[in-house]
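Chemist: Got a structure for you, questions after.
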There are 2 protein chains.
Amino acid sequence: MDEKMAIQDQYPDEYANCYGCGRLNPHGLQIKSYWDGDGTVCRFTPASRFSGGFPGFLYGGMIASLLDCHGAATAAAAKARAEGRPVQRFVTASLKLDYRAKTPIDTELEIRGRAVEIKGRKVIVELTLSAAGTLCAEGSAVMVQLPEEQSWG
Amino acid sequence: MDEKMAIQDQYPDEYANCYGCGRLNPHGLQIKSYWDGDGTVCRFTPASRFSGGFPGFLYGGMIASLLDCHGAATAAAAKARAEGRPVQRFVTASLKLDYRAKTPIDTELEIRGRAVEIKGRKVIVELTLSAAGTLCAEGSAVMVQLPEEQSWG
């Protein structure tokens, strides 16, 4: 993998259509995740239409989406680094989130990930989402690598 | 509460702006949840732009969003029914999801919820998401009622 390039920009084309993170989805959020030391980071400013129930704060589903997409990227990057191979696509088997504080909208969010276990095709990641230094949400995910030789469809 | 009317259509105006389920968010998904026996149901057909990595299937963040918004509605409805009062707004404290099968896009999804515990302002809900009878995801959430007399902002 190229450790300077966004992880999502190294996904195989056939798996790069995700609304959250696919570079080939022109309608999507196109979030980008990068290595940063031993973990990964993604910075993203959600538009105001992604409001929660109360205006000015982000809706919970977007927080889940950011952790999910960044978690998949973190798993893919960790596995690629561990094996010295190109980035492969991971999908989510399970996701757990705790919402810790209201998340502001129209503000740059910092999502961080860390792979805590790599076991065969499965990678466990821990995730946080902060705004201006305040932890707003945290969680963990079990990510599974898609087979390389077989279409997901 | 009115048990025939969509639960989200009974949220107080100041909390009805959610991208996922707010009737006052013109850019949002405006999902609608209803009582159905002892539980709740929401039917929703996601547009193709909400693709996952592989075209033709839904991205994980949307699945989390649907369970989250429907879970909040389920908690609000269960509390309102238990107390014979109008619907109040709930927010998510935690959410756990297991992805069981690929979720098709451009297909009507059925999201079901059930409140399994009501304890003061906290309601625990169990959730499933199915497509054409196949279970695609399931999870649970801890939902917390917002104070009535105090703005969330």
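The values are calculated or read from the model by the stated rules, or taken from the named source; none is laboratory data. This structure is a prediction, so every number in the text was calculated from the model and none was measured. Using ideal geometry, Cβ is built from the backbone for each residue, glycine included, and neighbour counts are taken over all protein chains shown.
Chemist: For B:Ile124, which of the numbered conditions (1) at pLDDT 95 or above; (2) closer than 19 Å to B:Asp9 by Cβ fails to hold?
Modeler: (2)
Chemist: Given the residues B:Lys122, B:Lys96, which is the only one that is within 11 Å of chain A (Cβ to nearest Cβ) and either touching a His at 6+ places or on another chain (Cβ under 8 Å) or of a type in the set (D, E, K, R) (or both)? I'd like the intermediate steps shown before the answer.
Modeler: Values: B:Lys122 fails: within 11 Å of chain A (Cβ to nearest Cβ).
On inspection, the qualifying residue turns out to be B:Lys96.
Chemist: All but one of (1) surrounded by 16 or more Cβ atoms within 10 Å (Cβ to Cβ); (2) closer than 23 Å to A:Thr45 by Cα hold for A:Val144, so report the exception by its number.
Modeler: Of everything listed in (1) surrounded by 16 or more Cβ atoms within 10 Å (Cβ to Cβ); (2) closer than 23 Å to A:Thr45 by Cα, A:Val144 misses just condition (2).
Chemist: Give the stretch A:23-73 a look and list any residue that's touching a helix residue (DSSP H, G or I) at 6+ places or on another chain (Cβ under 8 Å), assigned to a strand (DSSP E or B) and more than 29 Å from B:Glu14 (Cα to Cα), or say none.
Modeler: A:Ser33, A:Tyr34, A:Trp35, A:Gly39, A:Thr40, A:Cys42
Chemist: Which members of the stretch B:10-21 meet the condition of being closer than 17 Å to B:Thr74 by Cβ and either in contact with a Ser or Thr (Cβ under 7 Å, 6 or more places away or on another chain) or surrounded by fewer than 16 Cβ atoms within 10 Å (Cβ to Cβ) (or both)?
Modeler: Answer for the stretch B:10-21, where residues must be closer than 17 Å to B:Thr74 by Cβ and either in contact with a Ser or Thr (Cβ under 7 Å, 6 or more places away or on another chain) or surrounded by fewer than 16 Cβ atoms within 10 Å (Cβ to Cβ) (or both): B:Cys18, B:Gly20.
Chemist: Residues in the stretch B:45-72 that are more than 10 Å from the chain's Cα centre (by Cα), buried (at least 20 other Cβ atoms within 10 Å of the Cβ) and either among the hydroxyl-bearing types (Ser, Thr, Tyr) or more than 25 Å from A:Phe90 (Cβ to Cβ) (or both): how many?
Modeler: So the answer is 2.
Chemist: Which condition number does B:Ser33 fail, the rest of (1) more than 14 Å from the chain's Cα centre (by Cα); (2) of a type outside the set (Val, Ile, Thr); (3) buried (at least 24 other Cβ atoms within 10 Å of the Cβ) being met?
Modeler: Every listed condition holds for B:Ser33 apart from (1).
Chemist: Which ones in the stretch A:1-20 are touching an Asp or Glu at 6+ places or on another chain (Cβ under 9 Å) and assigned to a loop (DSSP other than H, G, I, E, B)?
Modeler: Selection gives A:Asp2, A:Pro12, A:Ala16, A:Gly20.
Chemist: Just to be sure, is A:Ala80 closer than 20 Å to A:Ala16 by Cα and in contact with a Cys (Cβ under 9 Å, 6 or more places away or on another chain)?
Modeler: Working: closer than 20 Å to A:Ala16 by Cα: yes; in contact with a Cys (Cβ under 9 Å, 6 or more places away or on another chain): no.
Considered against the rule, which asks whether it is closer than 20 Å to A:Ala16 by Cα and in contact with a Cys (Cβ under 9 Å, 6 or more places away or on another chain), A:Ala80 comes out as no.
Chemist: Right, here's the next one. What single numbered condition from (1) touching a residue at least 12 places away in the same chain (Cβ under 8 Å); (2) over 17 Å from A:Ile63 (Cα atoms) fails to hold for B:Gly133?
Modeler: For B:Gly133, the exception is condition (1).
Chemist: Being free of Cβ contacts under 8 Å to residues at least 40 places away in the same chain and of a type in the set (Gly, Ala, Ser) is the filter; apply it to the stretch B:73-117 and report the residue that is surrounded by the most Cβ atoms within 10 Å (Cβ to Cβ). I'd like the intermediate steps shown before the answer.
Modeler: Pass one, the stretch B:73-117, residues free of Cβ contacts under 8 Å to residues at least 40 places away in the same chain: B:82-84, B:99-101, B:116-117.
From what is left, the residues that are of a type in the set (Gly, Ala, Ser) are B:82, B:84, B:101.
On the way: B:Ala82: 11, B:Gly84: 7, B:Ala101: 13.
For the stretch B:73-117, the residue satisfying everything is B:Ala101.
Chemist: If I filter the stretch A:6-50 down to residues being within 13 Å of another protein chain (Cβ to nearest Cβ) and small (Gly, Ala, Ser), which single residue comes out as farthest from A:Arg114 (Cα to Cα)?
Modeler: Result: A:Ser48.
Chemist: Just a yes or no: is a residue in the stretch B:73-93 at pLDDT below 95, within 14 Å of chain A (Cβ to nearest Cβ) and out of contact with any strand residue (DSSP E or B) (no Cβ under 9 Å at 6 or more places or on another chain)?
Modeler: So far as the stretch B:73-93 goes, no, none of its residues is at pLDDT below 95, within 14 Å of chain A (Cβ to nearest Cβ) and out of contact with any strand residue (DSSP E or B) (no Cβ under 9 Å at 6 or more places or on another chain).
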